[in-house]
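Taking it in order: structure first as structure tokens, then the write-up.
Please treat every number below as a calculation from the coordinates, not as lab data. Keep in mind that what you see is a predicted model, and the values were worked out from it rather than measured.
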């Protein structure tokens, strides 16, 4: 990866994007983490 790409920050949503897929494994890991956190947040809100 180039330095230019490494320093670029992107917003990761629960729905994901083709850009994350283009980043490969790193993008998929980040998306899975965001998705897991969103699901946990919804689960916690249901308990309240």
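What full-extension length gain, to one decimal in nm, is calculated for residue 22 and residue 45 as 0.36 nm per residue of separation minus the Cα-Cα distance? Mind showing how you got there, number by number?
Working: separation 23, 0.36 × 23 = 8.28 nm, distance 3.27 nm.
Extra length from residue 22 to residue 45 when fully extended: 5.0 nm.
Once the Cα atoms are used to define both axes, helix 25-47 deviates from the longest principal axis of the chain by about 20 degrees.
Helix-derived [θ] at 222 nm for the chain: sum -39500 (n - 2.57) over DSSP H runs of at least 4, divide by residue count, nearest 500?
Values: 3 runs with 32 residues, N = 48.
Estimated from H runs of four or more residues: -20000 deg cm²/dmol.
Normalised by residue number, the volume inside the convex hull of the Cα atoms of the chain is 66 Å³ per residue.
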